[in-house]
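As structure tokens, the structure follows; a few thoughts come after it.
The values are calculated or read from the model by the stated rules, or taken from the named source; none is laboratory data. Just so it is clear, the model here is predicted, and its values are computed rather than measured. No Cβ is skipped: glycine too gets one built from the backbone with ideal geometry, and neighbour counts run over all protein chains shown. Note: areas computed on protein heavy atoms with side chains; ligands, DNA, RNA excluded. Shrake-Rupley method; radii C 1.70, N 1.55, O 1.52, S 1.80 Å.
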Amino acid sequence: MPSRPPPPLPLPPRPIRNAVVAQVRKLMGGTGDDTVERNRADTGLFGPDSACWKVHGDLTGMMVGGVAALFLQMLHPGALAGVWDHSNFRRDMRGRLQRTARFIAGTTYGDRAEAQGLIDRVRTIHSHVTGVLPDGAPYAADDPELLTFVHVAEVSSFLAGYLRYVDPAFPEAEQDRYYGEVAEIARRLGATDVPTTRAGIAAYLEAVRPQLRADVRSQAVAAALLSQPAPSAAAAPAMALTFDAAKDLLPAWAAQMHGFRLSPARRATVRAGVRALGGGMRWALTNSAEARARRRAAELAELAAAGATPGTTAPAPAT
């Protein structure tokens, strides 16, 4: 007879779970309630069966991937100049991370109107971000080629975090599907020639490498990111672990450009620690953005089956 799976372990006391959730909300700036969810009229640009709902649903993988994406993005002179000239990055790095997290959550799990509204707002902001690079060349945040680089750096890092810390066996076809899905957001932001497969992403990064630079300004922005204070003393070890995991997640050539070096022992410690951290996060965050979106998707499906529309009461069954 096949062996039965072991019974689930008993959950630790709820106060511990609540404390973990409170720390995460303080860091990410979220509310964790269903207020916005109840007003969503559809399942958005991708829907619950999409690859990006899976990849973007794990907070630990996304945090590590998100920080790695920032390290990669700041190697591009145009992307770095936008941060250097148009943001208070030394004092507001956490705010930048929170705004990025809200954009990703809204464009992934929000309905179509919410997603497009967030995209339109970013496009408006980008239209005012212009300037001149140190070498005299002009730059603009809404430049299609720059938007493509920022997108590729971001989503390749998100997927790398998912593969390392959530599902290393995530099929290659699903990885390609993920890249194909999220390319829609990049195109709506104004990017062009967006790669949509693993091979395309790899070829793109190889082609763009000669344009990337590590200099005094990239070092200053990286130092500002790494020196961000933790939201509390209890969160400081996890934050330090996340930063080292992000360094470790970078392509080897990007880590070398930054001068990041982790010893084999530290790398092993970081990877084991983040896997443990991820397990704790998944235990604590039972009402994550993905969980709320999936509940709403199920409600919308029930309304559709009953012939009702969002915001109305389903018709009573015939008697």
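What net charge do the residues around Val150 carry, taking every other residue with its C-beta under 12 Å from that of Val150, with Lys and Arg at +1 and Asp and Glu at -1?
-4
May I ask for the Rg/Rh ratio of the range 127-223, computed from Cα atoms with Rh as the Kirkwood radius, given to two decimals?
Checking Rg against Rh, the ratio lands at 1.02.
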Compare Ser227, Ser218 by solvent-accessible area with a 1.4 Å probe and give them largest first, with all protein chains kept in place. Ser227, Ser218
Estimated inter-spin distance, Asp92 and Ala305, nm [label 7 Å along Cα→Cβ]: 4.7 nm
What accessible area, in Å² to the nearest ten, does a 1.4 Å probe give for Asp42? 50 Å²
Which value, in Å² rounded to 10, gives the accessible area of Arg40 with a 1.4 Å probe and all protein chains present? 30 Å²
Please give the contour-minus-distance gain from Arg102 to Gln219: 0.36 nm per residue of separation, less the Cα-Cα distance, rounded to one decimal in nm. 39.5 nm
Listed highest first by mean packing, meaning other Cβ atoms within 10 Å per residue, what order do 186-194, 296-304, 75-83 come in? 75-83, 186-194, 296-304
Taking N as the residue count of the range 201-282, its alpha carbon Rg divided by 2.2 N^0.38 Å gives 1.26
What is the extension gain from Leu133 to Val208, computed as 0.36 nm multiplied by their sequence separation minus the C-alpha to C-alpha distance, in nm to one decimal? 25.2 nm
Excluding His128 itself, calculate the net charge of residues whose Cβ lies under 13 Å from the Cβ of His128, where each Lys or Arg counts +1 and each Asp or Glu counts -1. 0
